[in-house]
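Okay, so here's the structure we're looking at.
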Amino acid sequence: MTEQTSEPKSSNAMWGGRFAAGPDAIMEAINASIGFDQRLAAQDIRGSRAHAAMLAAQGIITDSDAKAIREGLLTVLSEIEGGKFTFSTALEDIHMNVEARLKEIIGEPAGRLHTARSRNDQVATDFRLWVRDQCDAAINSLQSLIKSLIGQAEAGTDWVMPGFTHLQTAQPVTWGHHMMAYVEMFARDLGRFTDARKRMNESPLGAAALAGTGFNIDRHATAKALDFDRPMANSLDAVSDRDFALEFLSASSICAVHMSRLAEELVIWSSAQFRFVAMSDKWSTGSSIMPQKRNPDAAELIRAKIGRILGATVALFTVMKGLPLAYSKDMQEDKEQVFDAADNLMLALAAMSGMIADLTVNTEKLEAAASSGFSTATDLADWLVREAGLPFRDAHHVTGTLVAMAEDKGCDLPDLTLEDMQSVNAAITDEIFTVLGVHNSVASRMSYGGTAPAQVRAQIARWKEAQA
């Protein structure tokens, strides 16, 4: 009599008879991805519905099975979105969790869904769809941020403020010009996400495990159903690369750097030493011990987000750098990094857009700071070149001498007398005073892209037209 033994409780049914016993708790924990890839549920079900429809259209499964699969998948999606779905670590990932529940709902036809595909092309498709959605979200958020910055620029086209190099007063600029600098930066970020989205918009579905499939599938049909431009041209490439995620992370990192720089300026400008701006209560917190404090916590947290986002970028580059073709389990480590980076990027963009829109600017402080620190010294040197005919290096020396004189007298350049100036260079006339005021200085910067209010208004008009 042959002894009958029951299957060990710990075995994983999906592997059939390949293993005599299933993985132990540690192996299950390290192998399972359902704790994080359940976020791909909507994309997974969308891809499966498209795949089932294609299989039926190609005569690979029956229309009735395809209908049952597609309707059953909508039930599964409804359960997940309604919080009624129980995810199982034993089933490893979102794909097997969905398929197992589908089988409970519709029975035997569920087993036909995985015909002519692998979890390799399935996850590559799901992940591309998810990252593509994040590109769209980043583009929308950046458009909102750019709109907020343009609003500030339009309000402050004529507000004079100090322009800095090395955080030292350099030359006067306008508030509008400073805001438009960030418009240009974030517009390039928007372009990077747009470009990345275009490149990633190819479908891996149908590549199967790595070599394609012998079934007569129509990859162009599934690509179209999922709003991809085309199917990927090489099945090995389709399942083995994550450059679309790396490109998203790279664009996110550059964008986060730009936000960090703007956040740093908001932290500095809102300090008691500057008082250029005031944050609204929405974006500030108080101190537990010092009642006078208004801390720019939102800006500081945005400034810190680059650490997480860049960290995710480096992590995924490191995971992918030495992998042979095609799929390796290492690639399961791709999603948590991207999920975290995307969450933090979208949160930071939303907060930055709100902060900029609510920002109150102290124009008197801006102008007072712009008028200090000999900020019009370059205008004086340029006048000497233009009107007195001095070589620029000689004009630079004369201006430096006049700055030293003003420092000795405890005044700024416009406060020196004509006699003071002529004692250094006799060619100076009283017309010099027309360029020494900060408003005259900024108005003179009419070169394309310059800080002159007329130039700033032209750039604002160009951007508003582009956003229309």
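The values are calculated or read from the model by the stated rules, or taken from the named source; none is laboratory data. Just so you know, these numbers come straight off a predicted model, no measurement behind them. Virtual Cβ from ideal backbone geometry, glycine too; neighbours counted across all protein chains shown. The protein model used for the area step is the full one, side chains on, heavy atoms only, and it has no ligands, DNA or RNA in it. Shrake-Rupley method; radii C 1.70, N 1.55, O 1.52, S 1.80 Å.
Rounded to whole Å and ordered largest first, report the semi-axes of the equivalent ellipsoid of the range 360-436 derived from its Cα gyration tensor (root of 5λ).
Those come to 24, 14, 11 Å.
Using a simple charge model, +1 on the beta-carbon of Lys and Arg, -1 on the beta-carbon of Asp and Glu, nothing else, what dipole does the chain show about its Cα centre, in debye to the nearest 20?
Charge dipole of the chain: 1060 debye, to the nearest 20.
Rounded to the nearest 10 Å², what accessible area does residue 192 have for a 1.4 Å probe in the complete protein model?
For residue 192, solvent-accessible area is about 80 Å².
Would you work out the relative contact order for the chain, in percent, from Cα pairs under 8 angstrom that are 6 or more residues apart?
After rounding, I find 16 percent.
Stick to Cα atoms and the Kirkwood definition of Rh, then tell me Rg/Rh for the range 222-261.
1.19
Among 165, 350, 380, flag the residue with its Cα farthest along the positive direction of the charge dipole of the chain, charges on Cβ as +1 for Lys/Arg and -1 for Asp/Glu.
My answer, from the dipole projection, is 350.
About its Cα centre, how strong a charge dipole does the range 188-347 have in debye, to the nearest 20, once Lys and Arg get +1 and Asp and Glu get -1 at the Cβ?
Charge dipole, the range 188-347, about its Cα centre: 420 debye, nearest 20.
Taking a probe of 1.4 angstrom, what is the accessible area of residue 282 in Å², to the nearest 10?
Solvent-accessible area, nearest 10 Å²: 150 Å².
Quick one: putting +1 on the C-beta of Lys and Arg, -1 on the C-beta of Asp and Glu, what dipole do you get for the range 402-456 around its Cα centre, in Debye to the nearest 20?
340
When the helix-only estimate is applied to the chain (DSSP H runs of n ≥ 4, each -39,500 (n - 2.57), divided by the residue count), what is the mean residue ellipticity at 222 nm, nearest 500 deg cm²/dmol?
-19500 deg cm²/dmol, from helical runs alone.
Sorted by accessible area (1.4 Å probe), largest first, how do 390, 210, 167, 226 line up?
Ranked from most to least accessible, the order is 167, 210, 390, 226.
Subtracting the Cα-Cα distance from 0.36 nm times the residue separation, let me have the gained length for residue 282 to residue 407 in nm, one decimal.
Full extension from residue 282 to residue 407 adds 40.7 nm.
Could you please put 182, 327, 448 in sequence from largest to smallest accessible area, using a 1.4 Å probe?
Result, largest first: 448, 327, 182.
Based only on Cα atoms, what Rg/Rh ratio does the chain have, Rh being taken as Kirkwood's radius?
1.17
Note the angle between two axes, namely the Cα long axis of helix 334-358 and the longest principal axis of the Cα atoms of the chain, as a number of degrees from 0 to 90, rounded to the nearest 10.
40
Quote the FRET efficiency, to the nearest 0.05, computed for residue 115 versus residue 268 with a Förster distance R0 of 45 Å and r equal to the Cβ-Cβ distance.
0.15
Please work out whether the range 275-416 counts as rounded, prolate or oblate from its C-alpha gyration tensor, where a ≥ b ≥ c are the square roots of the eigenvalues and a/c under 1.5 means rounded, while otherwise a/b larger than b/c means prolate and anything else oblate?
Oblate is the answer for the range 275-416, as a/c is 1.5 or above yet b/c matches or exceeds a/b.
Add +1 for every Lys or Arg and -1 for every Asp or Glu among the other residues with Cβ under 13 Å from the Cβ of residue 451, and state the total.
Within the 13 Å Cβ shell, the charges total 0.
Which angle from 0 to 90°, rounded to the nearest 10, does the C-alpha axis of helix 453-467 make with the longest principal axis of the chain?
20
Tilt of helix 392-409 relative to the longest C-alpha principal axis of the chain, in degrees (0 to 90, nearest 10)?
Rounded to the nearest ten degrees, it is 70.
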